[in-house]
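Please treat every number below as a calculation from the coordinates, not as lab data. If you're wondering where the values come from, they're calculated on a predicted model, not measured in any experiment. Cβ sites come from the backbone with ideal geometry, for glycine too, and all protein chains shown count toward neighbours.
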Amino acid sequence: MDSPTVALHESTHSEHPSYQRHHFVTMAQQRESASFGMWLFLLTEIMFFGGMFTAYLIYRNWYYPAFVAGSHTLSIVLGTTNTAVLITSSFTMAMGVWCAETRRRGGLILSIILTLILGLAFLGIKSVEYHEKWVQHHVPGLRFDAMSFVHPKAEPGQPAEPGLPLDMAQHTEVYFSLYFAMTGMHALHMIIGMGLLIFMLIKAIRGAYDNGNITFIENFGLYWHFVDIVWIFLFPLLYLISRHQ
Amino acid sequence: MSSIVSLPDQTTARIPKRNYLTNENGILSWLLTGDHKRIAILYLISITFFFFIGGALAALIRLELLTPQSDLMAADTYNKVFSMHGIIMIFLFLVPSVPATLGNFLIPIMVGAKDLAFPKINLLSWYLYLIGGGMTLWAMISGGVDTGWTFTVPLSTHYLNTNVVTTGLAIFVAGFSSIFTGLNFIVTIHRMRAPGMTWFKLPLFVWSNYAASILMVLGTPVLAITLVLVVLERTIGIGVFDPTKGGDPILFQHLFWFYSHPAVYIMILPGMGVISEVISTFSRKRVFGYSAVAFSSVAIAVFGFFVWEHHMFIMGVSNYSTLIFSLLTMLVAVPSAIKIFNWAFTLYKGSITFETPMLYAFGFMGLFTIGGLTGVFLGSSGTDIHLTETYFIVAHFHFVMVGGMLMAFLSGIHFWWPKMTGRMYPEKLSQLAAVVTFIGFNFTFFPQFLLGMLGMPRRYAAYPPEFQVLNVFSTAGATILGVGYLLPMIYLVWSLKYGQIAGNNPWQATGLEWQIQSPPLTENFIEIPVVTQDAYDYEWLERQKEREVTQVG
């Protein structure tokens, strides 16, 4: 029912596609408005995360040894894997946008499903990491004990890290506060994004995007890449502090 | 006294049968509408509701301060009352006041578009506002909150047992309503202008709302993340602002004021836009220095982001940053003064008439100037240390926000009332209301400058007896002010049924919104206009009228 030729004839203005909203004069105006609006929204998102990056900047300067020690408890293997997973999901999302533009319904559905799976994989690995923090008593407020930084235990096969003085060790709680706040907000954005992916998947299966009305997919693509880029900043700032030592 | 009002012959005039109000009927046609004009009306009703709640709380504050002892209510009840007064008035009234009502209604028409770029997001913004407002009311009814509107940590996170979390989340939600309004305006102004409508043909109302929208889009998310961190600190105890864990409460202040200082420009800039329109219309002249006024709005928006620390001079920040922020604060005075001087020059040799919107605009110019100049006292770090946290600062921001913004809001409501409803308000009664408001306002808040200079601290239910005389003055003035606000509420509702038919252009104004029928059609324009005239071109308007006459003849 949604084949483009039929849709064109159904429209009251024969020169406009049926999905053009009545208050836009041309389709180009509608497309530009939607994409401009999305970029503005991403700007608000940058400011939203910006508050936490500011806090990070200040506390990292003040409590550098605590941030190094906190950072070294994170698993670099899991972090790197997650970075790879997320970048791949950005690739599959970009493929999805391309498929939508070239009206390949099958490719679009496949891309959305792959993006969903990769998003789930990211959140799965993230929850493993969160669980590890819980076990190690590194969750600020709820379950936190700084003593493991005063008397660090040696990992098998590696020498123990030098212990921190008690007051600096306690400041690792600030590091973990920021770790959970930043990765938590990032994960929340992923969860919202995956909700939207499922919504798009259902619509794509029903063929809602076959008529070229793909503004939603394009804008979602921007959102997904934005969430990805936030992680690209979070990963070195949280995982890779002073790894050469 | 002369008047420019020209109304159609009342015996034959009718409200147009087809307009945005009659286009569809039923409650759902309002609750699910995408029409920017209907959403503006929904916003108008809701912000008026919250204004009267905030106003009732203000009345309680003034009643308590009638006597030196805390006798009307206990001290902690007083804390809750003034906190809720601030939260409701700032986040639920002042921030959305002009943009969400007049801006929503007018910006698409002024740029020559059929609607805002994203009608559904516009409606979503109203629902978010309602949810935020509802949560705030719930927080108030179920025990209140006594942090002050600033949510200061560690007071709000560690020492209070009131509804901080509910209120914080309420403001978070209401903040997104403001972000969506701003985003919608920016996209509309960039992408939806009619053919020929260049940036420098836009009415100054559009420019100032554009500047305010930039602040909404860039500032509000910082408040959002700050409130999220406060809520997380309070619920699970993360340590970002907690000094016992190494966090810093001053960081909270920086993040909070990074939004909340620009927020005062979010509140005042759209009001300045209203004043530009009104002053021009009632002095029959193009606004003097159009581009200077336009760019001063943008300059206020830009400078506004670099002055936040002047709220923190006594909080233990470095002396050197105090010096710099004090200097930057003085810079904001420049674009504000550009506006005031240009309005004054617009009046010079104009054919001035004194209809109600103009009276409110005069009130704005006087009171905003006093409010702005006393702001210089507070921006200079030396005097600030003496005056901050006293009634001087209370008087200062009430002069700017109530004397400035609320006057501008009422000016705009009266000015565009004929366009929104198709009917005139009663002129004599409303002129009386404008004068009563002005007198009541000065009675209420001028004594507070004196109280502040004498050293009466803000936010206490009790005060030493020697301050009583001035406080009685202030409370008496607040009663007059209350009458000044109730009057428009009553006669504007009355005018919906009994007001005179306004016709398309009762003020002989030049904006696009005055060239279409009142109330407008749902789609605003029968065909999208092609704009050739400059803003405030009264000769163009005369030529249009002559052409109409010859055509009809």
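Mean separation of Cα pairs under 8 Å and 6 or more residues apart, divided by the residue count, gives chain A a relative contact order of 31 percent. Counts of other chain beta carbons within 10 angstrom of each beta carbon in peptide B:227-239 average 5. Protection proxy ranking, highest mean first, for peptides A:231-241, B:146-156: B:146-156, A:231-241, where packing is the per-residue count of other beta-carbon atoms within 10 Å, averaged. A simple packing score, the average count of other Cβ atoms within 10 Å per residue, orders the peptides A:93-103, B:38-48 as B:38-48, A:93-103, with the highest score first. Backbone phi angles across segment B:377-385, fed through the Karplus curve with coefficients 6.51, -1.76 and 1.60 (θ = phi - 60°), yield HN-Hα couplings of 4, 7, x, 7, 4, x, 5, 4, 4 Hz in residue order; Gly and Pro are listed as x. Selection among B:G363, B:I87, B:G247 by position relative to the dipole of segment B:27-552 gives B:G363 as farthest towards the positive end (Cβ unit charges, Cα centre).
Placing unit charges on each Cβ (+1 for Lys and Arg, -1 for Asp and Glu) gives chain B a dipole about its Cα centre, and among B:Q10, B:V145, B:A292 the Cα reaching farthest toward its positive end belongs to B:Q10.
Which of the lysines could be linked to B:K120 by a straight reach, that is with a Cα gap under 24 Å, when you skip same-chain ones fewer than 8 residues away? Hits, sequence-local ones excluded: A:K203, B:K37, B:K419.
Each Lys and Arg contributes +1 and each Asp and Glu -1, all at the Cβ; summed about the Cα centre of the protein assembly as shown, the dipole is approximately 1200 debye. Just going by the charge dipole of the protein assembly as shown, with Lys and Arg at +1 and Asp and Glu at -1 on Cβ, which of B:T390, A:H171, B:A113 is farthest out on the positive end? Farthest towards the positive pole: B:A113. How many angstrom lie between the Cα centre of segment A:33-50 and the Cα centre of segment B:299-342? Measuring centre to centre over Cα atoms gives 27 Å. Pairs from the list A:K126/A:K153; B:K349/B:K497; B:K114/B:K339 with a Cα-Cα gap above 27 Å: B:K349/B:K497; B:K114/B:K339.
To the nearest 0.05, what FRET efficiency results for B:K497 and B:Q544 with a Förster distance of 30 Å applied to their C-beta separation? All intermediate terms of the calculation are to be shown ahead of the outcome.
Numbers: r = 32 Å, r/R0 = 1.05.
E between B:K497 and B:Q544, to the nearest 0.05, is 0.40.
Look at the Cα gyration tensor of the protein assembly as shown: its axes a ≥ b ≥ c give a/c of at least 1.5 with a/b at or below b/c, and that counts as oblate.
Roughly how crowded by other chains is peptide A:36-45, in terms of the mean Cβ count from those chains within 10 Å of each of its Cβ atoms? That average works out to 6. The distance separating the Cα centre of segment B:375-401 from that of segment B:102-118 comes to 37 Å. The aspartates and glutamates within cross-link reach of B:K428, meaning a Cα-to-Cα straight distance under 15 Å and a gap of 8 or more places when in the same chain, are B:E355. Judged by the mean number of other Cβ atoms found within 10 Å, the most tightly packed of the peptides B:356-367, A:166-177 leads the ranking B:356-367, A:166-177. Partners of B:K80 within straight-line reach, counting aspartates and glutamates whose Cα lies under 19 Å from its Cα and excluding those fewer than 8 residues away in the same chain: B:E64, B:D71, B:D146, B:E389. Here the extension length gained between B:L373 and B:N23 equals 121.2 nm, from 0.36 nm per residue of separation less the Cα-Cα distance. Taken residue by residue and averaged, Cβ atoms of other chains lying within 10 Å of the Cβ of B:219-226 number 5. Treating r as the C-beta distance of B:Y320 and B:S6 and R0 as 60 Å, the FRET efficiency rounds to 0.50. Rg and Dmax over the alpha-carbon atoms of chain B stand at 23.3, 83 Å. In this rough spin-label picture, where each label sits 7 Å from Cα along the Cβ direction, the B:S291-A:W39 distance is 2.5 nm.
Which value, in debye to the nearest 20, gives the size of the charge dipole of segment A:44-239 about its Cα centre, when Lys and Arg are +1 and Asp and Glu are -1 at the Cβ?
Numbers: 10 positive and 12 negative charges, 120 e Å.
Dipole about the Cα centre, nearest 20: 580 debye.
If you wrap a convex hull around the C-alpha atoms of segment A:44-239 and split its volume per residue, what is the figure in Å³?
So the per-residue hull volume is 112 Å³.
Taken as Cα centroids, segment B:54-90 and segment B:416-465 sit 17 Å apart, rounded to the nearest whole angstrom. Using the Karplus relation 6.51 cos²θ - 1.76 cosθ + 1.60 with θ = phi - 60°, the per-residue 3J(HN,Hα) values for segment B:535-549 come to 5, 6, 9, 6, 5, 4, 5, 4, 4, 4, 5, 4, 4, 4, 4 Hz, with x marking Gly and Pro. Taking every DSSP helix (H) stretch of at least 4 residues in the protein assembly as shown, weighting each as -39,500 (n - 2.57) and dividing the sum by the residue count yields a mean residue ellipticity at 222 nm of -22500 deg cm²/dmol.
Around the Cα centre of segment B:27-552, unit charges on the Cβ atoms of Lys, Arg, Asp and Glu (plus for the first two, minus for the last two) sum to a dipole of about 820 debye. Rounded to the nearest 0.05, what FRET efficiency do A:T80 and B:V472 have when you use their Cβ-Cβ distance and R0 = 60 Å? Efficiency, from the Cβ-Cβ distance: 0.25.
Counted as membrane-span-like here are DSSP H helices of chain A whose alpha-carbon atoms extend 18 Å or more along the helix's own axis and whose Kyte-Doolittle mean is 0.0 or above; these are A:27-62, A:76-101, A:105-135, A:172-205, A:215-239.
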